[in-house]
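First the structure, in the form of structure tokens, and then the observations on it.
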Amino acid sequence: MAILIAYLLYALLLTLLLALRGLGRRVPRPSGAKAAEPARVLIIGATGGTGRCLVAQALDRGHEVTALVRDASKLAIEHPRLRIMKGDVLDAASVDAAVRGQDAVVSALGHKRFLGPSSILSEGTRNVIAAMETHGVGRLVCETSLGIGSTAGRMGLQYTLFVLPVILPFHFYDKTRQERLIAASSLDWVIVRPAALTDDQGRGECRSGQDIGSFVTTAKIARADVARFMLDQLAESSNLGSAIGICS
Ligand SMILES: NC(=O)c1ccc[n+]([C@@H]2O[C@H](COP(=O)([O-])OP(=O)(O)OC[C@H]3O[C@@H](n4cnc5c(N)ncnc54)[C@H](OP(=O)(O)O)[C@@H]3O)[C@@H](O)[C@H]2O)c1
């Protein structure tokens, strides 16, 4: 019984930590006006689940796409408007080279090194922000997750009481650092916080806002819909400077 109480206390304290460390409710910067659609877009995390959807959809929308990848063989897309650059977000020089000449950056960076402290998300994002500021690339759209900052607890009880405390505490703590770095930057940024991801076919629409998700059940969203929403943010100004939750 004492162990169970200690565990529940730990899970609740973690939720509190993620709430306090992640970004709170932010008022989006003014101007609901549409921005000019950027032509050249760098996609980070392009070989991942969301990243592959981003690449395919960005090409469909007519963007000139650069994919920063560690292993080009993982990206089985060929297209005249797709440039694949080998690099690593933890290598500032390769990030700098990929960011130079872009109009916008979309990041679906993630990893599976869950067991133990890690700073891949925050350190990688730090390099991206530095390169964007150096080269005057204004807009960053970055995927983090529901469950942090103003959406703490909103991935549902299964995540709050099991998945986050047992599997993802370090991963999610690093996401809070990632969000803080973005918010402290001079960029035109939008943080997109999806619910649990699926590889289902997208619905072509999703719900978005600060009160998305549920404290009880696990909300979900298809990666294809996350990618669509993220790419919409390239020409949308109404969510600038805010972390916005999305789910089906
Ligand atoms: N799974 C969920 O239910 C869920 C829910 C909410 C939010 N999220 C978050 O959403 C994001 C995307 O998740 P996902 O499952 O769609 O993607 P994913 O399959 O985890 O892909 C992550 C991408 O990041 C890349 N990456 C990792 N380390 C890198 C490095 N050092 N340099 C360059 N690229 C690197 C990976 O490259 P490699 O292919 O080379 O490894 C891959 O392309 C993640 O941040 C995840 O935590 C996930």
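Things worth noting here:
- Theoretical gain in end-to-end length, residue 203 to residue 134 [0.36 nm per residue, Cα-Cα removed]: 21.1 nm
- Considering only beta bridges that DSSP places wholly inside the chain, some 10 percent are antiparallel.
- Least to most buried among 16, 121 (fewest other Cβ within 10 Å first): 16, 121
- Between residue 40 and residue 157, the simple spin-label model (points 7 angstrom out along Cα→Cβ) gives 5.2 nm.
- Selection of GluC sites (Glu not before Pro), the stretch 171-236, meeting DSSP coil and at most 13 other Cβ within 10 Å: 205
- In plain terms, the C-alpha convex hull of the chain casts an average shadow of 12.8 nm² when viewed from every direction.
- Shape call, the stretch 203-248: gyration tensor on alpha carbons, a/c limit 1.5: oblate
- Full extension of the chain segment joining residue 5 with residue 114 gains 36.8 nm, where the gain is 0.36 nm per residue of separation less the Cα-Cα distance.
- Amide H contacts for residue 64 (H built 1.01 Å from N in the peptide plane; partners 5 or more residues away or on another chain; cut-off under 5 Å): 40, 41.
- Anisotropy class of the stretch 24-146 from Cα gyration tensor, a/c 1.5 cut: rounded
- Aspartates and glutamates with Cα under 15 Å of residue 220, excluding same-chain neighbours fewer than 8 positions away: 143, 199, 200, 205, 211
- Mean residue ellipticity, 222 nm, helices only, the chain: the sum of -39500 (n - 2.57) across DSSP H runs of n ≥ 4, divided by residue count and rounded to 500, is -10500 deg cm²/dmol.
- Under the combined filter of DSSP loop state and at most 15 neighbouring Cβ atoms within 10 Å, the stretch 37-102 retains these trypsin sites (Lys or Arg not before Pro): 61, 70, 81, 100.
- Whole-Å distance, taken between Cα centres, linking the stretch 163-230 and the stretch 62-103: 23
- For residue 239, the amide hydrogen comes within under 5 Å of no other amide hydrogen, counting only partners 5 or more places away or on other chains and with H modelled in the peptide plane.
- Chymotrypsin sites (Phe, Trp or Tyr not before Pro) restricted to DSSP loop in the stretch 122-230 with at most 13 other C-beta within 10 Å: 215
- If you sort the three axes of the alpha carbon gyration tensor as a ≥ b ≥ c, you get a/c of 1.5 or more for the stretch 91-223 and a/b above b/c, which makes it prolate.
- Phi-based couplings in Hz for the stretch 233-248 (Karplus 6.51, -1.76, 1.60; Gly and Pro marked x): 5, 5, 10, 10, 9, 6, 10, 4, x, 9, 9, 10, x, 9, 7, 5
- For the stretch 90-101, 3J(HN,Hα) per residue [Karplus equation, 6.51 cos²θ - 1.76 cosθ + 1.60, θ = phi - 60°, Hz, x = Gly/Pro]: 7, 9, 4, 5, 6, 5, 4, 5, 6, 6, 4, x
- Per residue, the average separation of C-alpha pairs within less than 8 Å and at least 6 apart gives the chain a relative contact order of 27 percent.
Read-outs: derived from the displayed coordinates by stated rules, not from any lab. All values reported here derive from a predicted model rather than from experimental measurement. Heads up, the Cβs are rebuilt from the backbone with ideal geometry, glycines too, and the neighbour counts pull from every protein chain shown.
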